[in-house]
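The values are calculated or read from the model by the stated rules, or taken from the named source; none is laboratory data. Bear in mind that the values here come from a model prediction, so they are computed numbers and not experimental data. In this analysis, Cβ positions are derived from the backbone assuming ideal geometry, glycine residues included, and neighbour counts consider all displayed protein chains. Areas reflect the complete protein model, heavy atoms only, side chains present, ligands, DNA and RNA absent. Shrake-Rupley method; radii C 1.70, N 1.55, O 1.52, S 1.80 Å.
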Amino acid sequence: MFRKILIANRGEIALRIICACKEMGIPTVAVYSTADQHSLHVRFADEAICIGPPASSESYLNIPAVISAAEISNSDAIHPGYGFLAESAYFAEVCEACGITFIGPSPESIRLMGDKERARAAMKEAGLPIVPGTSRISGPVSDLLPVAEDIGYPLIVKAANGGGGKGMRIVNSAAELPGALEIARSEALSAFGSPDVYMEKFLPVARHIEFQVLADHHGNAIHLGERECSIQRRYQKLIEEAPSTYVSPELRNEVGTLAVRAAQTVNYANAGTMEFIFDDRGHYYFMEMNTRIQVEHPVTEMITGIDLVKEQIRIAARERLLYTQESIQFRGHAIECRINAECPDTFLPSPGKISAFHPPSGPGVRVDTAAYSEYVITPNYDSLVAKLICFGRDRSEAISRTNRALEMTVLEGIKSTIPLHLRVLAERDFLEGRLSTRFLDRWTRR
Ligand code: MV4
């Protein structure tokens, strides 16, 4: 096992990783920017090293600063959390070159899955259904019109090196294609450093459902079922749940088995998530694979009883998976609400000082947060204040718990998404499990 783990992140996920390390008896090192000197990850880690000014590019994304902190503190592993350096194949390579274990998959796996077109091809080869579409496209629009005609409208243009919605454009007709391509290309260039895009058939009423897999370095792999993530706005997830009301035990077993086999085919090792789009006729298609621990991992932990962060650490230390597929049991239902510091109507960030904060508790309630009363949310980082995860013996109990927990949350001084969550939880379609990626359109114009 590792001697000491450096956590290259901040906020609630840094605390979540500290929890796992403490329970495993592994000392931790926090890194922080000058904006975060009063943060809880600094307080709860065994050591803390300041790595730069508030701007992420000069601190949490500053590879030489992070590696130096690991070397000075004699850390032999780095957990990157999510965001920041978590999906940088280059960072994983630098760790390797410095003799530090990157707690995540290999640089090759990160690079493969980061290239959405190569990932699609690899997963198709490994037996997963993919959305009909093209590979990387270039050249004049006139050459692309016939290709687009072939796919059929509506179609969606996506960034080849993207993910998570940036650089995406829905195209309803040939007339819209030139403009959409131009916008998608320039967005892709500024967000991902490459203007390359590809086209896919757009599935208008669809569900976004992802499967969690765990794979070790000894060829063992399991899946931990799915998470339903259809309730998103501007491709930012707002509510996630497990299991999905759409997935029967048979379908879970079918897609999970395919996901596990695909992970093994590409020699994937660590935690990973395969995103699928499900249409309303029972068809499903692989979209992309995320090579990190995800924000919404707690809903899977609640229904399986497995600590995903501890498993990531064990796998990175080359230990064998503790579980076989047969030993995994799904029990109950879990719902996660992302409580962001933003206006619930406009979704504009609402930074400022939290004047009062009392997180909810009681049976079946988990709150992952790094916030406290008097804490100041600065505009430097993302707006996540807390994740509220509620467990119930069934979906209906999970919903009532989420409702009462939201009502029993005191969060003053900033605007938050709590009112929006309460509205969603009162919607008939939500209560009856009729979810789709269009769900939030009823209240928001995108
Ligand atoms: C799609 C899609 C429909 N058809 N691709 C959004 C995030 C990114 N990871 C992939 N996403 C989607 N890709 C095809 N071919 C629907 C989504 C999607 C979505 C689209 C519009 C509005 C909300 C959405 C929520 C989740 C997924």
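Considering only residues that are open to solvent by 20 Å² or more (accessible area, probe 1.4 Å) and either at pLDDT below 95 or farther than 14 Å from Ala70 by Cβ (or both), which ones fall in the stretch 17-31? Of everything in the stretch 17-31, those that are open to solvent by 20 Å² or more (accessible area, probe 1.4 Å) and either at pLDDT below 95 or farther than 14 Å from Ala70 by Cβ (or both) turn out to be Cys19, Lys22, Glu23, Met24, Gly25.
Among the residues that make up the stretch 93-108, is at least one of them of a type in the set (Ser, Thr, Tyr) and either within 16 Å of the ligand (Cβ to nearest atom) or part of a helix (DSSP H, G or I) (or both)? No: the stretch 93-108 contains no residue that is of a type in the set (Ser, Thr, Tyr) and either within 16 Å of the ligand (Cβ to nearest atom) or part of a helix (DSSP H, G or I) (or both). All conditions in (1) charged (D, E, K, R); (2) at pLDDT below 95; (3) touching a strand residue (DSSP E or B) at 6+ places or on another chain (Cβ under 7 Å) hold for Lys415, with the sole exception of (2). Closer than 30 Å to Lys310 by Cβ and either more than 16 Å from the ligand (Cβ to nearest atom) or open to solvent by 40 Å² or more (accessible area, probe 1.4 Å) (or both) - does that describe any residue in the stretch 226-236? Within the stretch 226-236, one or more residues are closer than 30 Å to Lys310 by Cβ and either more than 16 Å from the ligand (Cβ to nearest atom) or open to solvent by 40 Å² or more (accessible area, probe 1.4 Å) (or both). Taken over the stretch 343-379, residues that are at pLDDT 95 or above, assigned to a strand (DSSP E or B) and within 22 Å of the chain's Cα centre (by Cα) amount to 6. Whether any residue in the stretch 352-363 is in contact with a helix residue (DSSP H, G or I) (Cβ under 7 Å, 6 or more places away or on another chain) and either open to solvent by 50 Å² or more (accessible area, probe 1.4 Å) or within 16 Å of the ligand (Cβ to nearest atom) (or both) is what I want to check. There is no residue in the stretch 352-363 that is in contact with a helix residue (DSSP H, G or I) (Cβ under 7 Å, 6 or more places away or on another chain) and either open to solvent by 50 Å² or more (accessible area, probe 1.4 Å) or within 16 Å of the ligand (Cβ to nearest atom) (or both). Looking across the stretch 170-196, the residues that are open to solvent by less than 50 Å² (accessible area, probe 1.4 Å), part of a helix (DSSP H, G or I) and closer than 17 Å to Asp150 by Cα come down to Ala174, Leu177, Leu181.
Could you please find all residues in the stretch 145-161 being surrounded by 15 or more Cβ atoms within 10 Å (Cβ to Cβ) and touching a helix residue (DSSP H, G or I) at 6+ places or on another chain (Cβ under 7 Å)? Passing the criteria: Ala148, Leu155, Val157, Lys158, Ala159, Ala160, Asn161. Quickly run through the stretch 45-88 and pick out the residues that are within 21 Å of Val309 (Cβ to Cβ), within 24 Å of the chain's Cα centre (by Cα) and assigned to a helix (DSSP H, G or I). Passing the criteria: only Val66. Considering the stretch 382-412, the residues that are of a type in the set (Lys, Arg) and in contact with a strand residue (DSSP E or B) (Cβ under 8 Å, 6 or more places away or on another chain) include one that is farthest from Arg227 (Cα to Cα), namely Arg401.
As a summary of the residue check, Thr291 satisfies the conditions (1) open to solvent by less than 10 Å² (accessible area, probe 1.4 Å); (2) under 30 Å from Ile354 (Cβ atoms); (3) within 16 Å of the ligand (Cβ to nearest atom) except for the one numbered (2). Restricting to the stretch 237-264, what's the tally of residues that are within 11 Å of the ligand (Cβ to nearest atom) and charged (D, E, K, R)? Residues that pass the stated criteria total 1. Starting from residues that are outside any helix (DSSP H, G or I), under 18 Å from Pro195 (Cβ atoms) and more than 13 Å from the ligand (Cβ to nearest atom), keep the ones in the stretch 121-159 and report whichever is modelled with the highest pLDDT. Here the residue is Pro140.
Inspect the stretch 198-205 for any residue being more than 10 Å from the ligand (Cβ to nearest atom) and surrounded by fewer than 22 Cβ atoms within 10 Å (Cβ to Cβ) and give the result as yes or no. Taking every residue of the stretch 198-205 in turn, at least one turns out to be more than 10 Å from the ligand (Cβ to nearest atom) and surrounded by fewer than 22 Cβ atoms within 10 Å (Cβ to Cβ).
If you filter the stretch 197-234 down to residues that are part of a loop (DSSP other than H, G, I, E, B) and in contact with a strand residue (DSSP E or B) (Cβ under 7 Å, 6 or more places away or on another chain), you find that the one that is farthest from Asn253 (Cα to Cα) is Phe202. When the stretch 403-446 is filtered for residues that are part of a loop (DSSP other than H, G, I, E, B), open to solvent by 80 Å² or more (accessible area, probe 1.4 Å) and within 16 Å of the ligand (Cβ to nearest atom), the ones remaining, listed by number, are Arg434, Arg438, Arg445, Arg446.
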